């Protein structure tokens, strides 16, 4: 047994008639960017939702920093921050109020809320729009609010689910930089994407899922192997013509 | 329970910044005085309006004076029966043996003129009989061998006011408890899903029951405020507006007992309706779908509230007080009309409404903790 930050073991999950996950296993460590890769519908989002306790596993187990998602879901949620492509915010609250709300719900103590909110506002360079209502913000600014609310309680595990899919080039680059920075701070960063080019540049290790099963796993360079890039490797692994 | 307070404060902040909700509440508060003002104008106009009686033949002596005093204008016509169809409100033919009356009962003006005519003729007959008896040396009081002397124990004017209030107040309390918080309830449930904030909210370590309680408290407070604002505006309007051409406004006094019962029932109704509408909103994919789910609630609430109007003397057994909404209407009616409360009725009503609220809360919580909540979105 390693001291992995996130350990997924033979995870199975069925949603309606579809068996989305068919016994996948992987581990993600602190201080690395771990790529969870695969085409749309492979089961990446479902895997992340099980890890962060939004969905319960049908079989197998998931542990986050030693806490089982079944038996200690609230402990898991305290230690996880999730950023998705759907960065919904409360439109009638300011950016600052949005972040403070999630800080309070995440268990940040009363006296500490404003300080922690100020820290993330500084860190994400949100000072210029922190007091604007969210309804007036651009997509990139809203995505920053979504990141800020996910990290305001300083979770050791950060999960990014297709975080750049609705963003322009500049905003996407900021997200990638933020992931690298978080890795430097010793966080376990799980990056779920179908954009294999992004994953190849950022991830230390990757797991490729296809139709609910793991088809490859290991250090990025190792998975790429003899192929030109990760995309070619993936197409070869799933038996599609390159 | 700190997290309940956090959710409550956030929801209230959003509600207070939502112009649509605030405008809807303000309009609802103004709607009752506006409706009452229109009713007062119509009733005053009806009471003071002069109606036309088309007649032929010779008017008995003195009867024309009574006509004029009762707001009936006499107009000689060739054919009273034909004129009563459109030209005048009623037609009358005076013959040596009596009066032939022609009127169209489908016309409201004809109905009112007919009532006035009957009143006039009764008075005229009584006066003629009394005069004949006196001419013959007989005391006219023989026509009234058992005279009755009435001693009303409360003001008839106030009784009329209470009767009016016993219908309107429960009706407004119930409809405003439902509609006052409906928009906010759907916004805080279906709206979370529509805005894509639900997943982030459920990712926090706060127990979902706490999130739900915070939302229900905020919506309940809004419903309660809307209901009480509408009732206060109605009471103010009733104290200022004249009805039916009478002198002075309707005497409407809400006794302390009725006021306490009203607030207590408003709290229970607001809690139940908030839980129910949030549960329906949680089922919905978006705000519009939530409104479609909530529409039948209007009928469900309006029907029991109207029962007092259709059956004013409805005095049911205690078992009827188990029926939510109807029980609130009955208890409130009794408190207003009799200025007293039957404690057994109030206890059964309270238990019924608390149980209804608990069932609705449980349903909302079950929906709020289902995986389908996320998968469907």
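The values are calculated or read from the model by the stated rules, or taken from the named source; none is laboratory data. What you see is a predicted model, and the numbers here were worked out from it, not measured in a lab. Positions of Cβ are generated from backbone atoms using ideal geometry, with glycine treated the same way; all protein chains shown enter the neighbour counts.
Considering the range A:47-64, the residues that are more than 10 Å from chain B (Cβ to nearest Cβ) and within 16 Å of residue A:155 (Cα to Cα) include one that is surrounded by the most Cβ atoms within 10 Å (Cβ to Cβ), namely A:64.
List pairs: first residue in the range B:8-26 and within 11 Å of chain A (Cβ to nearest Cβ), second residue surrounded by 20 or more Cβ atoms within 10 Å (Cβ to Cβ) and not in a helix (DSSP H, G or I) anywhere in the structure, Cβ distance under 7 angstrom, at least six positions apart or on different chains. Hits for this filter: B:13/A:93; B:14/A:90; B:14/A:93. Considering only residues of the range A:125-140 that are buried (at least 20 other Cβ atoms within 10 Å of the Cβ) and in contact (Cβ under 8 Å) with a residue 40 or more places away in the chain, which is nearest to the other protein chains (Cβ to nearest Cβ)? Checked the range A:125-140; the qualifying residue nearest to the other protein chains (Cβ to nearest Cβ) is A:134.
So which residues in the range B:203-241 are crowded, with 20+ Cβ neighbours inside 10 Å and within 12 Å of chain A (Cβ to nearest Cβ)? Those that are crowded, with 20+ Cβ neighbours inside 10 Å and within 12 Å of chain A (Cβ to nearest Cβ): B:203, B:204, B:206, B:211, B:214.
If you filter the range A:32-46 down to residues that are modelled with pLDDT of 90 or more and away from chain B (no Cβ under 14 Å), you find that the one that is farthest from residue A:77 (Cα to Cα) is A:37. Here residue A:27 fits the description: under 21 Å from residue A:234 (Cα atoms), part of a strand (DSSP E or B) and more than 14 Å from every other protein chain (Cβ to nearest Cβ). Looking only at residues of the range A:7-24 that are touching a helix residue (DSSP H, G or I) at 6+ places or on another chain (Cβ under 6 Å) and farther than 20 Å from residue A:237 by Cα, we find that the one that is modelled with the highest pLDDT is A:13.
When we screen A:118, A:112 for residues that are more than 11 Å from chain B (Cβ to nearest Cβ), over 25 Å from residue A:179 (Cβ atoms) and surrounded by fewer than 18 Cβ atoms within 10 Å (Cβ to Cβ), the only hit is A:112.
Residues in the range B:336-367 that are at pLDDT below 85 and at negative phi: B:336, B:337, B:338, B:340, B:341. The set of residues in the range B:57-79 that are in contact with a strand residue (DSSP E or B) (Cβ under 8 Å, 6 or more places away or on another chain) and over 15 Å from residue B:117 (Cα atoms) comprises B:57, B:58, B:76, B:77, B:78, B:79. Are any residues in the range A:85-100 surrounded by fewer than 24 Cβ atoms within 10 Å (Cβ to Cβ) and not in a loop (DSSP other than H, G, I, E, B), and if so, which ones? Correct list: A:94, A:96, A:97, A:100. Exactly one residue among B:98, B:91, B:54 is away from chain A (no Cβ under 14 Å), out of contact with any strand residue (DSSP E or B) (no Cβ under 8 Å at 6 or more places or on another chain) and at pLDDT 85 or above, and that residue is B:98.
Applying a threshold of 6 Å to beta carbon distances and a minimum spacing of six or more residues, or different chains, the list of pairs starting in the range A:12-24 at a residue that is away from chain B (no Cβ under 14 Å) and ending at one that is in a strand (DSSP E or B) and surrounded by fewer than 16 Cβ atoms within 10 Å (Cβ to Cβ) reads A:12/A:23; A:12/A:59; A:22/A:213; A:23/A:10. Looking across the range A:65-78, the residues that are within 12 Å of chain B (Cβ to nearest Cβ) and crowded, with 21+ Cβ neighbours inside 10 Å come down to A:76, A:77.
May I ask you to verify whether residue A:126 is under 24 Å from residue B:17 (Cβ atoms) and not in a helix (DSSP H, G or I)? Yes.
In the condition set (1) at the interface with another protein chain (Cβ under 10 Å from one of its Cβ atoms); (2) crowded, with 20+ Cβ neighbours inside 10 Å; (3) not in a strand (DSSP E or B), residue A:107 is compliant with all but (2). For the residues B:304, B:324, B:312, B:316, the requirement of being more than 21 Å from residue B:214 (Cα to Cα), at pLDDT below 85 and buried (at least 19 other Cβ atoms within 10 Å of the Cβ) singles out B:304. In the range B:190-201, the residues that are more than 9 Å from chain A (Cβ to nearest Cβ) reach residues that are buried (at least 23 other Cβ atoms within 10 Å of the Cβ) and part of a helix (DSSP H, G or I) with C-beta atoms within less than 6 angstrom, at least six apart or across chains, in these pairs: B:190/B:281; B:190/B:290.
Pairing residues of the range B:104-118 that are farther than 13 Å from residue B:52 by Cα with residues that are assigned to a helix (DSSP H, G or I), at Cβ distances under 6 Å and at least 6 apart in sequence or on separate chains, gives B:104/B:110. Quick one: in the range A:178-198, which of the residues that are in a helix (DSSP H, G or I) and at pLDDT 90 or above is farthest from residue A:83 (Cα to Cα)? Looking at the filtered set, the residue picked out is A:184. Could you tell me whether any residue of the range B:105-113 is under 30 Å from residue B:336 (Cα atoms), at pLDDT below 90 and not in a loop (DSSP other than H, G, I, E, B)? There is no residue in the range B:105-113 that is under 30 Å from residue B:336 (Cα atoms), at pLDDT below 90 and not in a loop (DSSP other than H, G, I, E, B).
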